[in-house]
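Colleague: Take a look at the following structure, please.
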Amino acid sequence: MIYRKATTDDIPQIQIVRNSVKENQLSNPNLIPNELVEEFITKRGSGFVCEIDDKIVEFSIIDFVENNVWVLFLLPEYEGKGIGKKLHQLMLDKYFSKTQKTIWLSTETNSRAELFYKKQGWKDVGFHGEEIKFEMSFKDWKK
């Protein structure tokens with residue numbers, strides 16, 4: 001497994017992962033065009049990928065403008081192998097190396113993602129639209 005910073009060359013594979021997930025599926029994949037992904041990994045934030053045999057199996061993108069996890073997705077066949085934990089840690093390390101502002105994310109209720117974030121120490125703070133909203137403070141991250 002290779003963990004590294006995402007580049008614009010990764011966008012086609014990132015889109016494959018994004019559109020392969022079983023939870024948090026977009027009703028319309030065109031809502032997240034390549035140009036938007038590029039903006040988030042080059043201007044608004046930073047992205048990370050995990051590769052296995054030159055294939056991106058997971059990616060995450062943090063947004064420094066809105067102070068949130070814009071996305072963290074894993075190909076379904078790689079779930080439960082610890083890949084998410086490592087990429088999650090890299091993502092938060094990067095975020096908190098730049099700011100001490102609380103970071104937030106939202107995800108589907110009663111999903112594997114909800115359980116994952118709870119296990120990683122995220123605090124349930126209510127809802128963001130129809131999704132559950134979590135926050136991670138600098139203090140909680142340092143624990």
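The values are calculated or read from the model by the stated rules, or taken from the named source; none is laboratory data. These figures come from a predicted structure and were not determined experimentally. Heads up, the Cβs are rebuilt from the backbone with ideal geometry, glycines too, and the neighbour counts pull from every protein chain shown. Keep in mind that these areas ignore ligands, DNA and RNA; they rest on the heavy atoms of the full protein, side chains included. Shrake-Rupley method; radii C 1.70, N 1.55, O 1.52, S 1.80 Å.
Colleague: Among the residues of the stretch 14-23, is any within 21 Å of residue 98 (Cβ to Cβ), surrounded by 13 or more Cβ atoms within 10 Å (Cβ to Cβ) and among the aliphatic types (A, V, I, L, M)?
Modeller: So far as the stretch 14-23 goes, no, none of its residues is within 21 Å of residue 98 (Cβ to Cβ), surrounded by 13 or more Cβ atoms within 10 Å (Cβ to Cβ) and among the aliphatic types (A, V, I, L, M).
Colleague: Could you tell me which of the residues 65, 69, 21 is assigned to a strand (DSSP E or B), among the β-branched types (Val, Ile, Thr) and at negative phi?
Modeller: Sole residue among the options that is assigned to a strand (DSSP E or B), among the β-branched types (Val, Ile, Thr) and at negative phi: 69.
Colleague: Enumerate the pairs (first residue in the stretch 115-135 and closer than 14 Å to residue 68 by Cβ and modelled with pLDDT under 95; second residue anywhere and charged (D, E, K, R) and open to solvent by 60 Å² or more (accessible area, probe 1.4 Å)) with beta-carbon separation below 7 Å, excluding pairs fewer than 6 apart on the same chain, so at least 6 apart or on different chains.
Modeller: Listed pairs, sorted by first residue: 131/108.
Colleague: Condition first: open to solvent by 30 Å² or more (accessible area, probe 1.4 Å) and either within 19 Å of residue 44 (Cβ to Cβ) or among the small types (Gly, Ala, Ser) (or both). Now tell me which residues in the stretch 78-94 satisfy that.
Modeller: Matches in the stretch 78-94: 80, 82, 90, 93, 94.
Colleague: Run down 30, 110 and say which single residue is over 15 Å from the mean Cα position of the chain (by Cα) and assigned to a helix (DSSP H, G or I).
Modeller: Going through 30, 110 in turn, just one is over 15 Å from the mean Cα position of the chain (by Cα) and assigned to a helix (DSSP H, G or I): 30.
Colleague: What are the residues in the stretch 27-64 that are of a type in the set (Val, Ile, Thr) and surrounded by 14 or more Cβ atoms within 10 Å (Cβ to Cβ), if any?
Modeller: Across the stretch 27-64, the qualifying residues are 32, 37, 41, 49, 52, 56, 57, 61, 62.
Colleague: From the list 104, 141, which one is on the phi < 0 side of the Ramachandran plot and free of Cβ contacts under 8 Å to residues at least 40 places away in the same chain?
Modeller: Going through 104, 141 in turn, the sole match is 104.
Colleague: Exactly one of (1) at pLDDT below 95; (2) of a type in the set (Val, Ile, Thr); (3) in contact with a Phe, Trp or Tyr (Cβ under 8 Å, 6 or more places away or on another chain) is unmet by residue 61. Its number?
Modeller: Tallying (1) at pLDDT below 95; (2) of a type in the set (Val, Ile, Thr); (3) in contact with a Phe, Trp or Tyr (Cβ under 8 Å, 6 or more places away or on another chain), residue 61 fails exactly one: (1).
Colleague: I'd like to check something: does the stretch 122-142 contain any residue that is among the small types (Gly, Ala, Ser) and closer than 17 Å to residue 72 by Cβ?
Modeller: Scanning the stretch 122-142, I find no residue that is among the small types (Gly, Ala, Ser) and closer than 17 Å to residue 72 by Cβ, so the answer is no.
Colleague: Output the residues belonging to the stretch 72-91 that are in contact (Cβ under 8 Å) with a residue 40 or more places away in the chain, part of a helix (DSSP H, G or I) and under 10 Å from the mean Cα position of the chain (by Cα).
Modeller: Listed by number, the residues that qualify are 87, 91.
Colleague: Tell me, please, whether a residue that is outside any strand (DSSP E or B) and on the phi > 0 side of the Ramachandran plot can be found in the stretch 46-61.
Modeller: Yes: the stretch 46-61 contains one or more residues that are outside any strand (DSSP E or B) and on the phi > 0 side of the Ramachandran plot.
Colleague: Could you please give the count of residues in the stretch 95-136 that are open to solvent by 50 Å² or more (accessible area, probe 1.4 Å) and of a type in the set (A, V, I, L, M)?
Modeller: Number of matching residues: 2.
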